Amino acid sequence: MTEDSMVTIEVDGQELKAKAGAMLIDVADQAGIDIPRFCYHNKLSVSANCRMCLIEVEKVPKPIPACATSVMDGMKVYTKSPMALAAQKGTMEFLLINHPLDCPVCDQGGECELQDQSLAYGSDVARFVEKKRLVPKKYIGPLVETNFNRCIHCTRCVRFSAEIAGMREMGSTGRGEYMKIGTYVERTIDSELSGNLIDICPVGSLTSKPYRYQARAWELTQSDSVAPHDAVGSNIHIHVRNNRVMRVHPKANEAVNECWISDRDRFSYEGLYSEDRLTSPMIKENGRWVETDWETALQQVADGLKEMGAGTGALLSPSATVEELYLAQKLVRSLGSDNIDFRVRQSDFRGGEPALPWLGLGIDEIEAVDAVLVIGANPRKDQPILGHRLRKAALNGASVCYLNPLEYDLNYHAEQLLSAPANMADDLAAVAKAVGATGAIIDDAEVKAQHQSVAEQLKQAGSALVLLGNLASAHPDYSILSALAAEVAKASGAKIGFIGEAANSTGARLVAAMPTDGLNAQSMLEQPCKGYLLLGLEPDRDFWNPTQAQTAFKQAEFVVALTAYRSASLEAAADVLLPMAGFAETSGTYVNGDGTWQSFAGAVQPMGEARPAWKILRVMGNLLDADGFDQNSSQDVLEQARNSADGRQLDNSVTADLGQERRLNGSGLTRIGDVPIYATDALVRRAPALQKTADAISAAIRINPGEAAKAGLADGDRATVIQEGNLATMPVEIDPGVAGGSVRVCAALAGSETLGGQFGEVTLEKA
Amino acid sequence: MANEVCFRNMDLDQPWLLEQYKSRGGYEVLTKILTEKMTQDEVIELVKESGLRGRGGAGFPAGLKWSFINRNSEASRYVVCNSDEGEPGTFKDRDILRYNPHQLIEGMIICGFAIDAAAGYNYIRGEFWEPYLRFEAALEEARAAGLLGEDILGSGFNYDVHVHLGAGAYVCGEESALLESIEGKKGQPRFKPPFPAHYGLYGGPTVINNTETLSSVPVLLKNGGDWFKGLGVENSAGTKLFAVSGAVKNPGVFEVPMGIPFSELLELAGGMKDGKKLKAVIPGGCSAPVIPADEIMELNMDYDSIAKAGSMLGSGAVVVIDDSVCMVKLLERMSYFYHEESCGQCTPCREGTGWLYRIVSRIERGEGRQEDLDLLTSVGKNIAGRTVCALGDAAVMPVNGMLKHFRDEFQYHIDNKKCLADS
């Protein structure tokens, strides 16, 4: 920065250097000079409506708001002069006249900006003797509780909704003191980021519904942690009372999640207290499940695994920590098996995928790119904070294009190429051809205007990005799609990035939780292993093909599952269930999509007899007399895991062959089995409030009007999906956003577990 | 000297028709500007020289306002006419729309030419249905005559004027709330700076002037700045429309030279009604502090004289109050208005206007407390000068004016729980 663009101002006698044009309130904040405020938020536009930050500026006759006053050279500012204080106190009185004195029963009490500021700027005697305003509360959804009597009309929520959530879900109606905050005509708040409303509301007008009346702020202890649901690894604070997670708040980290977190990260903790938590080890005796002690259970596991030996297959959750994955692969390798994998939602293992796929750039760099092509992904729902960064990029002027079999409801302008699963490769090949790439498929591709348009945007951009996500990695022709994406990137000068499917997809590869020459997640189920070790997975929900997985486990001689939950499918599959610590109950490390290692400590003790999985695995190692299981702490494990990862570099180079045979041929109807936002993992699936949101959809046959007509189906009918002889009957929903030639039948939802792979040919029969 | 500018055609049979407007030299100034290739700077300079000040209330020099516009801005420029006329007591712009719409249109085109605007908008008060229809009819006539639209009078200048009908919010008369309203948003004032001249309608540099101001432009350009200045007095050039209402025999709108003694204006309005005695006058619309009879009878009606008396010329709405009126009751009604019309955006106005009303109302009902008079002053102090727009100040000024000049009536209400005016 040049000296020219800096100005010198004086605030309360203190000389400060500031960037010309900076807002006074920011400059004061940086210097630690406290100016009271309510409506100002550094991530939102300035509205200057609360009038709490009025300060005195020399030669200005009236007090002016620090949030809307840009600094000018030589400016002399007084934040605590008689003029400033009189203005601030006047505002405080106005804010309090209609504010209820219900702090003792208000969830915001103790952490309320109005309460705090009123100590400094309020009066002990009220001059307002009239009745206070009454504003009825409104139902705005299962996550956010309202009490509009407490609203001070700062409009942070309105600006958040419009500017960050991008949905304009909140607004104000009425004038003067009858102005009310609300949703537009009795709607619920459906944004995947809506929980942030709770944080930005400076008073108790918008509070957490699940946390309502559960604890007082001063009873809570705070631990730092990392959210366990997606490749962002949002930084969070876990608030605990009496060894129970009471709530989750964001921890600001500009490089990762800024000051926001997704609703999934905020409210999933409720799933910890689900009735089907597994709280003691259990073994199956003569077909019946009985509780047992750790010693018995572990001995049985050690005996079982010893017998399975090299025939063991390990299927590990990509949401497991680095420590857990490291020890699990080490344990299974000590048995002589290389059948280890975490890619439980992948079906195309023909090779050539990058050695260590990652986002390709820092999460905070996304908003600066000029063009993005998103292939087989819906970051808005799959990784909401990445979705927010993409939205920022779009608002900054980037052109964003999507290639998906589903048209998504986006909160910014983007071009969406809708392409049936079987045609995605053709469309991508056409884009590749249009950017000037050559090769198999590409040369035969038919370039249309929409492909040309995407190509132009990528080529003209100063910095462009090609991103592949969850749907792409689950696609039966993933290797072809990634090879084509690499060609597009190469020819257009774009970076290529892979959004890992889960919280630790990148970490899992770094600690080699995948086979070198053994069986992969697909082949372990196609050619059933003798025995299985499952870590944090549910057979009916967490696999690309749940029917195949459940069948394989049933055939196996011995299955041990480390799990935080009991479920019918686990009980059907396993012989031993070992209760592992859930989210917040264990220390650990995640490596997020951009390769950042983030460690965290446990916030609460595991429930019942549950133990951190790394400890369980370490003891199993001891019982199996394996080498290298003498760690005393998770730090020891982490250190070894890190050492083992040394020399493994993040690497997005794709070597897959463009000319491979296409597995999806486009005849008939193809299933699109995406995983909805609140079905991604065992914890989320058990979080009651999230399951009541609009995004928590149920299993249905979602089909566009044309395909529905062809199949003789109408909205509201029930129909049976038939996939490789597997059946599931569910309601029909007409959805014009589903590509022709395909039908959306989500995976991981109740009712979908009897079907086959996430993608594949299906037929429909009216039930 | 009356009816020289905005009402100059009032004697005609149907002055709102294009043909009749033209019979008095209408659109000649525009034609001259466009055909004789006057430069934009020359036009602005002439408006500056005339000393024309904004007739909406604030009295800002019009030519200066026009000169702030960056004609090279990337964003399109706009002319906005403020015909919202919401200030209680004001009804002068209504008569311009009814009787002289073409002069306003001509003024708006000249302004559009001067700042190279993409379009003009006239924001008409929602209740003005008949004036709205008449203005729309005039626009149609002008379009048909090639005075609006593409290539006006063959000059290459493209410009049209659109009407936006308000929906009854006082605050939309505030220029930035008006812009928000035209943009289809809730009518709430914007924080300033930036001012409309830099960031106005749809983000473009915008001139926003009152109806009377823009309507004055063709005449003052025709007759010259000196002529216009000569109509008025020092620092208050031209004539002014005064909307006289209240306890007068002939209420109505009068175009008279700036600086006319109030006593003469009162005579024009037929003097006091029913032989009542003059008690006080609100000289510039509801927001202007009241001036007692003896003071106002000595005052001239121009910006400086009224300001010296502690009030303001405002929009020229002269409300004449006779001695049967209870000032507490009157203030209660006025305070209710501001309470009702506050947009609710910023704290002092949202919370304070209702509080002021409730205190005054309490006093009026005979439930006032001795400390209420100081409380009114104190609450007013906490509103004035601390709000996003001037509505807060507008709510406070009448309270202060009343307490300054008629405190005894308020005291009487508190002491005797009844009205001094009745007794």
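The values are calculated or read from the model by the stated rules, or taken from the named source; none is laboratory data. Keep in mind the model is a prediction, meaning the values are calculated, not measured. Here Cβ is always computed from backbone atoms with ideal geometry, including for glycine, and neighbour counts include all displayed protein chains. Side chains included, ligands, DNA and RNA excluded: accessible areas come from the protein's heavy atoms. Shrake-Rupley method; radii C 1.70, N 1.55, O 1.52, S 1.80 Å.
Laid out as a table, the results:
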| read-out | value |
| --- | --- |
| Which numbered condition B:THR90 misses (of (1) part of a loop (DSSP other than H, G, I, E, B); (2) touching a Pro at 6+ places or on another chain (Cβ under 9 Å); (3) buried (at least 24 other Cβ atoms within 10 Å of the Cβ); (4) not aromatic (Phe, Trp, Tyr)) | (2) |
| Selection within segment A:42-82 - part of a loop (DSSP other than H, G, I, E, B), surrounded by 21 or more Cβ atoms within 10 Å (Cβ to Cβ) and more than 12 Å from every other protein chain (Cβ to nearest Cβ) | A:VAL71, A:MET75, A:THR79 |
| Test: residue in segment B:171-183 that is surrounded by fewer than 19 Cβ atoms within 10 Å (Cβ to Cβ), assigned to a loop (DSSP other than H, G, I, E, B), under 25 Å from the mean Cα position of the chain (by Cα) and at pLDDT 95 or above | yes |
| Meets criteria (facing another protein chain (nearest Cβ under 10 Å) and among the small types (Gly, Ala, Ser)) for A:ALA120 | no |
| Options A:ARG127, A:ARG150: the member that is within 32 Å of the chain's Cα centre (by Cα) and either more than 30 Å from A:ALA689 (Cα to Cα) or not β-branched (Val, Ile, Thr) (or both) | A:ARG150 |
| Failed item, numbered, when B:TYR303 is tested on (1) on the phi < 0 side of the Ramachandran plot; (2) touching a helix residue (DSSP H, G or I) at 6+ places or on another chain (Cβ under 7 Å); (3) away from every other protein chain (no Cβ under 14 Å) | (2) |
| Matching entry among B:LYS381, B:LYS329 (being of a type in the set (Lys, Arg), open to solvent by 10 Å² or more (accessible area, probe 1.4 Å) and under 30 Å from A:CYS39 (Cβ atoms)) | B:LYS381 |
| Residue list for segment B:311-355, filter: among the charged types (D, E, K, R), away from chain A (no Cβ under 14 Å) and within 23 Å of B:ALA167 (Cβ to Cβ) | B:ARG333 |
| Condition met for B:ARG358 (outside any loop (DSSP other than H, G, I, E, B), within 14 Å of chain A (Cβ to nearest Cβ) and open to solvent by 10 Å² or more (accessible area, probe 1.4 Å)) | yes |
| So B:MET312, is it surrounded by fewer than 22 Cβ atoms within 10 Å (Cβ to Cβ) and more than 21 Å from B:PHE60 (Cβ to Cβ) | no |
| When residues of segment A:127-185 are limited to those that are aromatic (Phe, Trp, Tyr) and more than 11 Å from every other protein chain (Cβ to nearest Cβ), the one most open to solvent (accessible area, probe 1.4 Å) | A:TYR139 |
| Cβ-Cβ under 6 Å pairs, at least 6 apart or on other chains, segment A:748-767 side touching a residue at least 24 places away in the same chain (Cβ under 8 Å), far side β-branched (Val, Ile, Thr) and assigned to a loop (DSSP other than H, G, I, E, B) | A:ALA748/A:VAL675 |
| Residues of segment B:167-208 that turn out to be more than 14 Å from chain A (Cβ to nearest Cβ) and either touching a Leu at 6+ places or on another chain (Cβ under 8 Å) or hydroxyl-bearing (Ser, Thr, Tyr) (or both), as a count | 9 |
| Counted residues, segment A:318-352 - those being in a loop (DSSP other than H, G, I, E, B) and out of contact with any helix residue (DSSP H, G or I) (no Cβ under 6 Å at 6 or more places or on another chain) | 9 |
| Lone qualifier among B:CYS349, B:CYS389 - being of a type outside the set (S, T, N, Q), surrounded by 24 or more Cβ atoms within 10 Å (Cβ to Cβ) and within 23 Å of the chain's Cα centre (by Cα) | B:CYS349 |
| Any chance A:THR438 is surrounded by fewer than 22 Cβ atoms within 10 Å (Cβ to Cβ), assigned by TED's automatic domain parsing to the domain that holds A:PHE583 and farther than 28 Å from A:PRO676 by Cβ | no |
| Of all residues making up segment B:9-37, the number that are open to solvent by less than 40 Å² (accessible area, probe 1.4 Å) and assigned to a loop (DSSP other than H, G, I, E, B) | 6 |
| Cross-chain or 6+ apart pairs with Cβ under 6 Å, segment A:83-95 first and facing chain B (nearest Cβ under 8 Å), then surrounded by 23 or more Cβ atoms within 10 Å (Cβ to Cβ) and basic (Lys, Arg) | A:ALA87/B:ARG386; A:THR91/A:ARG51 |
| Any hit, segment B:368-375, residues being within 11 Å of another protein chain (Cβ to nearest Cβ), over 30 Å from B:LEU265 (Cα atoms) and out of contact with any helix residue (DSSP H, G or I) (no Cβ under 8 Å at 6 or more places or on another chain) | yes |
| Pairs where the first residue, in segment A:670-690, is among the acidic types (Asp, Glu) and the second is open to solvent by less than 10 Å² (accessible area, probe 1.4 Å) and not in a helix (DSSP H, G or I), C-beta under 6 Å, 6+ apart | A:ASP674/A:CYS746 |
| Every residue from segment B:317-355 that is in a helix (DSSP H, G or I) and of a type in the set (A, V, I, L, M) | B:MET327, B:VAL328, B:LEU330, B:LEU331, B:MET334 |
| B:VAL396 being touching a residue at least 40 places away in the same chain (Cβ under 8 Å), part of a loop (DSSP other than H, G, I, E, B) and buried (at least 23 other Cβ atoms within 10 Å of the Cβ) | no |
| So B:ASN209, is it part of a loop (DSSP other than H, G, I, E, B) and either under 19 Å from B:GLY54 (Cα atoms) or among the polar types (S, T, N, Q) (or both) | no |
| Residues within segment A:551-600 that are within 22 Å of the chain's Cα centre (by Cα), of a type outside the set (Phe, Trp, Tyr) and within 20 Å of A:ARG618 (Cβ to Cβ), tallied | 10 |
| Yes/no for A:ASP4 being open to solvent by 10 Å² or more (accessible area, probe 1.4 Å), modelled with pLDDT under 95 and away from chain B (no Cβ under 14 Å) | yes |
| Test: residue in segment B:121-137 that is modelled with pLDDT under 95, open to solvent by 30 Å² or more (accessible area, probe 1.4 Å), of a type in the set (Gly, Ala, Ser) and part of a helix (DSSP H, G or I) | no |
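So that you can scan it fast, the table gives a plain yes or no per residue for (1) in the same structural domain as A:ASN339 (by TED's automatic domain parsing); (2) buried (at least 24 other Cβ atoms within 10 Å of the Cβ); (3) closer than 20 Å to A:GLY360 by Cβ:
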site: A:ASP444; (1), (2), (3): no, no, no
site: A:SER453; (1), (2), (3): no, no, no
site: A:LYS459; (1), (2), (3): no, no, yes
site: A:LEU471; (1), (2), (3): no, yes, yes
site: A:ALA485; (1), (2), (3): no, yes, yes
site: A:LEU533; (1), (2), (3): yes, yes, no
site: A:ARG541; (1), (2), (3): yes, no, no
site: A:LYS554; (1), (2), (3): yes, no, no
